[in-house]
Amino acid sequence: MRLAVAIASIAVTAVFAVVHGHAQTGVGPLPGPEERALKPKATFRECDKCPEMVVVPAGSFTMGSSDNEMDRAKYEGPRHRVTFGRPFAAGKFAVTFEEWDACVMDGGCNGYNPTDESWGRGRRPVINVSWNDANAYVAWLSTKTGKSYRLLSEAEREYVTRAGTTTAFWWGAAISPRRANYNGSYIYGNGGTGEYRQRTLPVDLFQSNRWGFHQVHGNVWEWTQDCWHENYVEAPTDGSPWESGACTYRVVRGGSWVTYPGDLRAANRGRFTPDFRRSFQGFRLGRTLAS
């Protein structure tokens, strides 16, 4: 009788539950049929300390900034249409110290223990991690779960940030420190000035965008898989990472706690060398889903 109850309990944790109107699985690697049944905005975690992932719908968007967008740079164009033929998953939050530390404790991430600058660990985004470090985490998590984790492509990162919108920020054309973590001493649009916190904040502060992603603007710059190019001429149009040419620099997105508000725009791009580590640099995961 006790064995039957235990088996039933395990079965219950493996099936879908409805949370906030969306399907969510229990913790553990997703079986193939359940993975293929995931709907947009569904969330899942595949181990106890794994990042929470959100399913991103297939679709198209126009990548880059318009000519009249404030603070637009020439490397944010030419604008072009990108189409995602299949859904994929992306981290609901930037990877946290708690999640990074779990990798180190499990023998992964090359044993690297990045400093938190005395701001705290836990649910704050992991910082002082390079592109190489981020890929060490990806390798550990992919091996641990048997699933295809990776960094997001630059196109995926902008698509996730916009969540179907076309303005500079997912909520509109202006920004204030009530919306994001950046250098609030400066103004963008009619948002006004405000607090300059001078450090990272926990990843679950501030409202998520309409696809369920938190802090896609500000807090930490996030590594993408792509190599840097000076413009989008001949850029991939299927959402895949652009890894041709010299990869002396890798693309970062999102802006950070230390940057000007214009750097937080959905279309803005930055670049650092793959070994670059700073207190404003983190990363967010992507995951290929079974077809």
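If you check residue 281 against the conditions, is it of a type outside the set (Ser, Thr, Tyr) and in contact with a Pro (Cβ under 8 Å, 6 or more places away or on another chain)?
Numbers: of a type outside the set (Ser, Thr, Tyr): yes; in contact with a Pro (Cβ under 8 Å, 6 or more places away or on another chain): no.
For residue 281, the condition - of a type outside the set (Ser, Thr, Tyr) and in contact with a Pro (Cβ under 8 Å, 6 or more places away or on another chain) - is not met.
Identify, from the list 90, 42, the residue that is among the small types (Gly, Ala, Ser), touching a residue at least 40 places away in the same chain (Cβ under 8 Å) and buried (at least 16 other Cβ atoms within 10 Å of the Cβ).
After ruling out the rest, the residue left standing is 90.
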Inset, instruction - Please determine, by comparing only the residues of region 166-199 that are farther than 23 Å from residue 126 by Cβ, hydroxyl-bearing (Ser, Thr, Tyr) and in contact with a helix residue (DSSP H, G or I) (Cβ under 9 Å, 6 or more places away or on another chain), which one is surrounded by the fewest Cβ atoms within 10 Å (Cβ to Cβ). - result: 186
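Please work out if residue 244 is over 19 Å from the mean Cα position of the chain (by Cα), of a type outside the set (Asp, Glu), within 25 Å of residue 275 (Cβ to Cβ) and part of a loop (DSSP other than H, G, I, E, B).
Numbers: over 19 Å from the mean Cα position of the chain (by Cα): yes; of a type outside the set (Asp, Glu): yes; within 25 Å of residue 275 (Cβ to Cβ): yes; part of a loop (DSSP other than H, G, I, E, B): yes.
Yes; evaluated as a whole, the condition is true for this residue.
Every residue, every condition in (1) closer than 27 Å to residue 116 by Cβ; (2) part of a strand (DSSP E or B); (3) out of contact with any strand residue (DSSP E or B) (no Cβ under 8 Å at 6 or more places or on another chain), yes or no:
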site	(1), (2), (3)
235	no, no, no
239	no, no, no
255	yes, no, no
267	no, no, no
271	yes, yes, no
274	yes, no, no
277	yes, no, yes
Legend entry - Every residue from region 105-143 that is buried (at least 16 other Cβ atoms within 10 Å of the Cβ), at positive phi and without any contact (Cβ under 8 Å) to a residue 40 or more places away in the chain: 109
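What number of residues within region 242-272 satisfy the criterion of being without any contact (Cβ under 8 Å) to a residue 40 or more places away in the chain and either among the polar types (S, T, N, Q) or buried (at least 18 other Cβ atoms within 10 Å of the Cβ) (or both)? Spell out how you get there, then give the answer.
Pass one, region 242-272, residues without any contact (Cβ under 8 Å) to a residue 40 or more places away in the chain: 243-249, 252.
Then keep just the ones that are either among the polar types (S, T, N, Q) or buried (at least 18 other Cβ atoms within 10 Å of the Cβ) (or both); that gives 244, 248, 252.
Residues in region 242-272 being without any contact (Cβ under 8 Å) to a residue 40 or more places away in the chain and either among the polar types (S, T, N, Q) or buried (at least 18 other Cβ atoms within 10 Å of the Cβ) (or both): 3 in total.
Keeping to region 49-60, report how many residues are part of a loop (DSSP other than H, G, I, E, B) and out of contact with any helix residue (DSSP H, G or I) (no Cβ under 6 Å at 6 or more places or on another chain). It would help to see each step written out before you state the result.
At the first step, the residues of region 49-60 found to be part of a loop (DSSP other than H, G, I, E, B) are 49-52, 57-58.
Pick out the ones that are also out of contact with any helix residue (DSSP H, G or I) (no Cβ under 6 Å at 6 or more places or on another chain) and you get 50, 52, 57-58.
The qualifying residues number 4.
Of the residues that make up region 114-126, is at least one aromatic (Phe, Trp, Tyr), modelled with pLDDT of 95 or more and within 30 Å of residue 62 (Cβ to Cβ)? If you could, list the steps in order and put the result at the bottom.
In the first step, residues of region 114-126 are kept if they are aromatic (Phe, Trp, Tyr); the result is 119.
Pick out the ones that are also modelled with pLDDT of 95 or more and you get 119.
From what is left, the residues that are within 30 Å of residue 62 (Cβ to Cβ) are none.
Looking through region 114-126, none of the residues is aromatic (Phe, Trp, Tyr), modelled with pLDDT of 95 or more and within 30 Å of residue 62 (Cβ to Cβ).
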Legend entry - Long-range neighbours under 7 Å by Cβ, at least six apart or interchain, first residue at positive phi within region 51-68, second modelled with pLDDT of 95 or more: 59/84; 64/76; 64/77; 64/78; 64/79; 64/80; 64/232; 64/267
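Being more than 28 Å from residue 190 (Cβ to Cβ), touching a residue at least 12 places away in the same chain (Cβ under 8 Å) and either surrounded by fewer than 17 Cβ atoms within 10 Å (Cβ to Cβ) or touching a Ser or Thr at 6+ places or on another chain (Cβ under 8 Å) (or both) is true for just one of 98, 76. Which residue is that? Reasoning before the result, please.
Details: 76 fails: more than 28 Å from residue 190 (Cβ to Cβ).
When all the criteria are applied, what remains is 98.
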Inset, instruction - Please work out which residue is farthest from residue 261 (Cα to Cα), limiting yourself to region 208-229 and to residues that are hydrophobic (A, V, I, L, M, F, W, C) and crowded, with 24+ Cβ neighbours inside 10 Å. - result: 223
Legend entry - Top-ranked residue of region 154-165 - restricted to ones that are surrounded by fewer than 24 Cβ atoms within 10 Å (Cβ to Cβ) and not β-branched (Val, Ile, Thr), ranked as nearest to residue 258 (Cα to Cα): 162
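The values are calculated or read from the model by the stated rules, or taken from the named source; none is laboratory data. Small disclaimer: the values here were computed from a predicted structure and weren't measured. Because the Cβ atoms are built from the backbone with ideal geometry, glycine has one as well, and the counts that use them run over all protein chains shown.
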